[in-house]
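Peer 1: Have a look at this one before I ask anything.
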């Protein structure tokens, strides 16, 4: 019974959708191949992957997780959040605070407890909200709790009074904007303009060592896989259908007896937690977190990843995140002045011509098996 | 209501905590009346959509509501289902459920189902999924997230599918159904909810004569077990099902009685034909 | 000066203490007169001596010739920075540096390089000379033909009153024609009277100072009622003290009133900027239901248009801003029409997609501007008629650019209301906004109306950009800084209601300004944002919502 139930779950989550199978297979391949190519082949070998590349792919994975989070609220629940980068950044700050405290006496000022910027600002003791961040488990809990609680509080206020559509988008934008202004302030105690950086080690390992990089890469891959499956489970459950019903006809859903606000709230909060985890994995890999992560444009960019990939499909969100960010990496290195043109045009083209993103385009180009099935059934 | 209880209610509404204990009781019809609307007034921007409307529906009754455009039929349904809060008046479901204190989902849970004027089914969902969404049961998020439907609910859905003749369309996306089929699906969703009181807004608009006939049969068969309130323009249809008709005009009840009485009432004639 | 000297010497009733000085000044002037008005150069040369009498005379002559450099030379003399070259007795203003003396020619004020200090001799002063100099400088300004300069001189003197300056003021009071300068002089004399030995005199001085907003008055009166370390009052007379307390209370009241007025005005001008930025948005968002994220960039285009217009007509900066207004309207409006025809019209009824697409457009516009004008801020000049400030009284002044922005906003608002209420375009716009299908069936070309409405909203953004170019840096990020604020104003005011936008923007500006002193600029902004988020959840459709069926969906 137990095995049949779990195999049943397995069938539902994975067997039902080819995109998911392709995604998981690719993720597994990359997850195995990248560490091998990095560690097993010496530098200079044509098969060797540099630390830079490992970190870059790891970064893309955290972006993909963030994109899934946005897709869950936008593609499935119809909430266009233009503030998800805020949750990402908060998760990142929680991790960054842990990493700051791990620096210990290796900082420029060599203070055992106080991070450099506090010594610089002439602070005498650690602010209360920095307590506990010397412990990894505490920081890990905060990575989940801080974005989650903020999303619950914000969502409670917004959804309860039925703020929807563009109004909601605009106040999510205002939320991240307000947080950006706040984090830019030195006396907030988060390093102000410069943010948190110069990390030395994470859970006792040198943060720049090859092995640590591979471990962080694997952690990102695992988080992406688990996050994906969790979202897939949610979207396939009855609750997932309710959520999609809310997207398509909110008040109708209310009239058949669902507490729409409550559904929206929990989906929003879960999505914020995913974004927070993505941020927490992002920060040790890129080595810095600063208030510019809260910039309104960042949140909007995430939305365009999802739109490019194809909202309403989780693998589409992943594809979009990787594609757009690969393009960004390429452009900003090769033709930096063209990047904004490319990004801007992408916004316009996708919204005008590709409402279901590249995934929808791919579907259109392949035979319409599923539709036919549905019609003949 | 003081601030702390209002906050607690808001908390429960949104977080779904304590939803079970808070579920409103079903309509108590021990006095033979299921819906009491008394002196209900609603105004938009100075325009009185409802003007001291008083209306009672008996348990098990099939009532037709007619009236010219702008008479307040849809606004009345909005008030009953919690979409619009009236400026004045009271609305009770049975003896002890005050509708004006409940939210839309709470009212639905208490046992009032509504079919909209425009068919609003979930077009991206299959027929089956539409019914699964509507079927009576625990609709809190933790339940829908964790557990599939139980066998009783599945049986009920099969029954409904049969009633609305959509068995062979069960896996089709609702958006691909014909207009009449959408109407039926929506009626099916209403049935799946197992409400005590059904509010049905223009059920036969866009239906073929055969479909209209079957709808009439269906509504008639529902009366007795359920109470049904039908808003309809099609007088032939009203004639075919109605026992008692209420005429609304300018937000209040103009006349009430059998279809013949109403049609011969000079005030009704005047409203429909003009001065 | 000659004239002044004669007049001063003929003033009767001057107190004995200052009589000497006046006589001296008069004597100086007479000397000048006697020697047939020496040139500035001659007087300057006469300073190069060790004889104090001669220096005093030379200083008097310098004042007498009213040369543009008199002030600089006498200031340098007072500060001990005036030297003469031993070789040719040429006078220099000099600062001691490590390498020697850094010289400026006293005649021309041109830099004259650095030289060995040994070749120079400092023109020294003694107490007597310094005193004379200070008074001479003060009366130098007191007789300036410009009333503003005279007022400044009086206010300067109020800060350090002594017997001499009091006598100068007293003398000046009779001749002063300008009312505000006279008032300032009287205030100064009353301040001086606060130290008079006669308590009645002091009391009447306090009475006279009631209601004065001069900061010196406030300080003096505060000193009057304070106690020294041993607990005794500075002012022995209880009556005077209580009068002073009453006067202080009154002053404090009116000072806080004026500072509130000033904050209010700052708030209104900030609010005007917000309204200007938001009002075009209110049209596209409110009337058409279109979210235009490129709105900020259209403002940026307006600001750059101002810059280009100034490049074209560098000789007429004053007029350039006025010329820029219609040009910016056309440029931004034209780009707006392009955006509507090229992107927005395919997305009606899909607000979230419109938001994303126009955001894309905003990125492209930013990059275009960066490519043409570089990423650096462009300098836009402020015409002279917009600089300076309107001094209402000593506690309250209004800068002209803030004043003009308020006026400009009101003009734009009125014109816009007129266009929407009285013109056939406005009628059609409102008809389409209320019922698109019906308007279409009545023969309104809805497509054309959409394009024009969008163009109108965009054109207003361009006009707002002209105003912004006078207030902030003109750079590619100008638009981004305002877009969230503008949306907040529209959402706060209620969609589809220009009055809502006006009141919304004004109240946001004012609230922001009133919070700022308590919370700091950034925190005030954050507080306002949070308050707005809370407000929206209380009143999701803003201050002035549209009601009824039109608001559904």
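Peer 1: Report whether or not residue B:132 is closer than 19 Å to residue B:198 by Cα, free of Cβ contacts under 8 Å to residues at least 24 places away in the same chain and within 14 Å of chain A (Cβ to nearest Cβ).
Peer 2: Values: closer than 19 Å to residue B:198 by Cα: yes; free of Cβ contacts under 8 Å to residues at least 24 places away in the same chain: no; within 14 Å of chain A (Cβ to nearest Cβ): yes.
In short, no.
Peer 1: State all residues of segment A:176-191 that are under 20 Å from the mean Cα position of the chain (by Cα) and over 16 Å from residue C:523 (Cβ atoms); if no residue qualifies, say none.
Peer 2: A:176
Peer 1: Cβ contacts < 9 Å: first residue facing another protein chain (nearest Cβ under 8 Å) and on the phi > 0 side of the Ramachandran plot, restricted to segment A:150-166; second residue at pLDDT below 85 and assigned to a helix (DSSP H, G or I), any location; separation 6+ or different chain. Result?
Peer 2: From segment A:150-166, the pairs are A:162/C:537; A:165/C:351; A:165/C:352.
Peer 1: Considering every residue within segment C:201-212, establish whether at least one is under 24 Å from the mean Cα position of the chain (by Cα), buried (at least 22 other Cβ atoms within 10 Å of the Cβ) and at pLDDT below 85.
Peer 2: yes
Peer 1: Provide a single number: the residues in segment C:49-73 that are free of Cβ contacts under 8 Å to residues at least 60 places away in the same chain and in a helix (DSSP H, G or I).
Peer 2: Residues flagged as free of Cβ contacts under 8 Å to residues at least 60 places away in the same chain and in a helix (DSSP H, G or I) within segment C:49-73 amount to 8.
Peer 1: Still on this structure, please answer the following. Output yes when any residue across segment C:249-266 is surrounded by fewer than 18 Cβ atoms within 10 Å (Cβ to Cβ), in contact (Cβ under 8 Å) with a residue 24 or more places away in the chain, more than 30 Å from residue C:508 (Cα to Cα) and not assigned by TED's automatic domain parsing to the domain that holds residue C:509, and no when none is.
Peer 2: yes
Peer 1: Is segment A:96-108 home to any residue that is touching a helix residue (DSSP H, G or I) at 6+ places or on another chain (Cβ under 7 Å), under 30 Å from residue B:103 (Cβ atoms) and touching a residue at least 60 places away in the same chain (Cβ under 8 Å)? Talk me through it step by step, then tell me what you get.
Peer 2: Going through segment A:96-108, the residues touching a helix residue (DSSP H, G or I) at 6+ places or on another chain (Cβ under 7 Å) turn out to be A:96-99, A:107-108.
Cutting the leftovers down to under 30 Å from residue B:103 (Cβ atoms) gives us none.
There is no residue in segment A:96-108 that is touching a helix residue (DSSP H, G or I) at 6+ places or on another chain (Cβ under 7 Å), under 30 Å from residue B:103 (Cβ atoms) and touching a residue at least 60 places away in the same chain (Cβ under 8 Å).
Peer 1: Still on this structure, please answer the following. Take residue B:152 and tell me if it is more than 14 Å from chain A (Cβ to nearest Cβ), assigned to a helix (DSSP H, G or I), over 24 Å from residue A:256 (Cα atoms) and without any contact (Cβ under 8 Å) to a residue 24 or more places away in the chain. So that I can check it myself, show each step before the final result.
Peer 2: Numbers: more than 14 Å from chain A (Cβ to nearest Cβ): yes; assigned to a helix (DSSP H, G or I): yes; over 24 Å from residue A:256 (Cα atoms): no; without any contact (Cβ under 8 Å) to a residue 24 or more places away in the chain: yes.
Criteria not met by residue B:152.
Peer 1: For a quick check of your reading: which helices (runs of 4 or more DSSP H) sit entirely within segment A:28-145 and have at least 2 residues that are under 30 Å from residue A:243 (Cα atoms)?
Peer 2: By residue number, A:51-71, A:84-103.
Peer 1: Then there is this: Residues that are within 14 Å of chain C (Cβ to nearest Cβ), closer than 25 Å to residue B:202 by Cβ and modelled with pLDDT of 85 or more: find the helices (runs of 4 or more DSSP H) completely inside segment B:1-95 holding 2 or more of those. It would help to see each step written out before you state the result.
Peer 2: On the way: elements: B:3-15, B:19-22, B:73-80.
Here the list reads B:73-80.
Peer 1: For segment A:342-356, name all the residues that are surrounded by fewer than 17 Cβ atoms within 10 Å (Cβ to Cβ) and facing chain C (nearest Cβ under 7 Å).
Peer 2: Step one: filter segment A:342-356 for residues surrounded by fewer than 17 Cβ atoms within 10 Å (Cβ to Cβ), giving A:345, A:349, A:352-353, A:355.
The answer is A:345, A:352.
Peer 1: Moving to a separate point now. Does residue C:344 meet the test of being more than 14 Å from every other protein chain (Cβ to nearest Cβ) and either under 30 Å from residue C:318 (Cβ atoms) or buried (at least 21 other Cβ atoms within 10 Å of the Cβ) (or both)? Even if it seems obvious, please write down each step before you answer.
Peer 2: On the way: more than 14 Å from every other protein chain (Cβ to nearest Cβ): no; either under 30 Å from residue C:318 (Cβ atoms) or buried (at least 21 other Cβ atoms within 10 Å of the Cβ) (or both): yes.
Here the answer is no, as residue C:344 does not meet what is asked.
Peer 1: Let me ask something additional. Report the residue count in segment B:96-105 for those that are more than 8 Å from chain A (Cβ to nearest Cβ) and touching a helix residue (DSSP H, G or I) at 6+ places or on another chain (Cβ under 8 Å).
Peer 2: Taking segment B:96-105 and keeping what is more than 8 Å from chain A (Cβ to nearest Cβ), we get B:96-102.
Cutting the leftovers down to touching a helix residue (DSSP H, G or I) at 6+ places or on another chain (Cβ under 8 Å) gives us B:97, B:99, B:102.
Count: 3.
Peer 1: OK, next. Check every one of the helices (runs of 4 or more DSSP H) wholly within segment A:236-329 and list those with 1 or more residues that are within 11 Å of chain B (Cβ to nearest Cβ) and crowded, with 24+ Cβ neighbours inside 10 Å.
Peer 2: Values: elements: A:238-248, A:250-255, A:260-286, A:296-309.
In segment A:236-329, the matching helices (runs of 4 or more DSSP H) lie at A:238-248, A:250-255, A:260-286.
Peer 1: Every residue in segment A:167-207 that is without any contact (Cβ under 8 Å) to a residue 24 or more places away in the chain and more than 14 Å from chain C (Cβ to nearest Cβ), please.
Peer 2: Passing the criteria: A:204, A:205, A:206.
Peer 1: Here is a follow-up. Of the conditions (1) within 15 Å of residue A:91 (Cβ to Cβ); (2) surrounded by 17 or more Cβ atoms within 10 Å (Cβ to Cβ); (3) free of Cβ contacts under 8 Å to residues at least 12 places away in the same chain, residue A:141 clears all except one; give me its number.
Peer 2: That leaves (2) as the condition not met.
Peer 1: Got a number for residues in segment B:184-196 being surrounded by 24 or more Cβ atoms within 10 Å (Cβ to Cβ), touching a strand residue (DSSP E or B) at 6+ places or on another chain (Cβ under 9 Å) and away from chain A (no Cβ under 12 Å)?
Peer 2: Residues in segment B:184-196 being surrounded by 24 or more Cβ atoms within 10 Å (Cβ to Cβ), touching a strand residue (DSSP E or B) at 6+ places or on another chain (Cβ under 9 Å) and away from chain A (no Cβ under 12 Å): 0 in total.
Peer 1: Out of all the residues in segment B:135-147, which are over 19 Å from residue B:111 (Cα atoms) and either within 7 Å of chain A (Cβ to nearest Cβ) or within 24 Å of the chain's Cα centre (by Cα) (or both)? Talk me through it step by step, then tell me what you get.
Peer 2: Our first condition is that a residue be over 19 Å from residue B:111 (Cα atoms); within segment B:135-147, this holds for B:141-147.
Within segment B:135-147, B:141, B:144, B:145 qualify.
Peer 1: Report yes if some residue within segment C:380-397 is out of contact with any strand residue (DSSP E or B) (no Cβ under 7 Å at 6 or more places or on another chain), in a helix (DSSP H, G or I) and within 14 Å of chain A (Cβ to nearest Cβ); otherwise report no. Give the steps one after another, and end with the answer.
Peer 2: Here is the first cut: in segment C:380-397, the residues out of contact with any strand residue (DSSP E or B) (no Cβ under 7 Å at 6 or more places or on another chain) are C:381-388, C:393-396.
Subset that is in a helix (DSSP H, G or I): C:384-386.
Within this subset, residues satisfying the condition of being within 14 Å of chain A (Cβ to nearest Cβ) are none.
Looking for residues that are out of contact with any strand residue (DSSP E or B) (no Cβ under 7 Å at 6 or more places or on another chain), in a helix (DSSP H, G or I) and within 14 Å of chain A (Cβ to nearest Cβ), one finds none in segment C:380-397, hence no.
Peer 1: Suppose we filter segment B:155-176 for residues that are assigned to a helix (DSSP H, G or I) and more than 8 Å from chain A (Cβ to nearest Cβ); how many remain? Reasoning before the result, please.
Peer 2: Pass one, segment B:155-176, residues assigned to a helix (DSSP H, G or I): B:155-163, B:167-169, B:174-176.
Then drop every residue that is not more than 8 Å from chain A (Cβ to nearest Cβ), which leaves B:155-163, B:167-169, B:174-175.
Residues flagged as assigned to a helix (DSSP H, G or I) and more than 8 Å from chain A (Cβ to nearest Cβ) within segment B:155-176 amount to 14.
Peer 1: Residues in segment C:425-433: is at least one in the same structural domain as residue C:296 (by TED's automatic domain parsing), within 18 Å of residue C:409 (Cα to Cα) and part of a helix (DSSP H, G or I)? Step through it out loud before you land on a result.
Peer 2: Filtering segment C:425-433 down to residues in the same structural domain as residue C:296 (by TED's automatic domain parsing) leaves C:425-433.
Add one more test, that the residue is within 18 Å of residue C:409 (Cα to Cα), and what stays is none.
Within segment C:425-433, none of the residues are in the same structural domain as residue C:296 (by TED's automatic domain parsing), within 18 Å of residue C:409 (Cα to Cα) and part of a helix (DSSP H, G or I).
Peer 1: Answer yes if at least one residue in segment B:191-214 is in a helix (DSSP H, G or I) and closer than 22 Å to residue A:241 by Cβ, and no otherwise.
Peer 2: yes
Peer 1: Next up: Quickly run through segment C:172-198 and pick out the residues that are more than 33 Å from the chain's Cα centre (by Cα) and either buried (at least 20 other Cβ atoms within 10 Å of the Cβ) or modelled with pLDDT of 80 or more (or both).
Peer 2: First, pick out the residues of segment C:172-198 that are more than 33 Å from the chain's Cα centre (by Cα): C:193-198.
Within segment C:172-198, C:194, C:198 qualify.
Peer 1: Output the number of residues of segment C:142-170 satisfying the condition of being touching a residue at least 40 places away in the same chain (Cβ under 8 Å) and assigned to a helix (DSSP H, G or I). It would help to see each step written out before you state the result.
Peer 2: Taking segment C:142-170 first, the residues touching a residue at least 40 places away in the same chain (Cβ under 8 Å) are C:143, C:155, C:158-159, C:163-164, C:166-168, C:170.
Retained after the next criterion (residues that are assigned to a helix (DSSP H, G or I)): C:155, C:158-159, C:163-164, C:166-168, C:170.
Adding up the residues that qualify gives 9.
Peer 1: Filter segment B:224-265 down to the residues that are part of a helix (DSSP H, G or I) and more than 22 Å from residue B:50 (Cα to Cα) and list them by number. It would help to see each step written out before you state the result.
Peer 2: Of segment B:224-265, the ones part of a helix (DSSP H, G or I) are B:235-241, B:259-264.
Across segment B:224-265, the qualifying residues are B:235, B:236, B:237, B:238, B:239, B:240, B:241, B:259, B:260, B:261, B:263, B:264.
Peer 1: So which of A:19, A:58, A:31 ends up being within 21 Å of residue A:359 (Cα to Cα), surrounded by 14 or more Cβ atoms within 10 Å (Cβ to Cβ) and in contact with a helix residue (DSSP H, G or I) (Cβ under 8 Å, 6 or more places away or on another chain)? Before the answer, list the steps.
Peer 2: Details: A:58 fails: within 21 Å of residue A:359 (Cα to Cα); A:31 fails: within 21 Å of residue A:359 (Cα to Cα).
After ruling out the rest, the residue left standing is A:19.
The values are calculated or read from the model by the stated rules, or taken from the named source; none is laboratory data. For clarity, every value in this text was computed on a predicted model and none was experimentally measured. In this analysis, Cβ positions are derived from the backbone assuming ideal geometry, glycine residues included, and neighbour counts consider all displayed protein chains.
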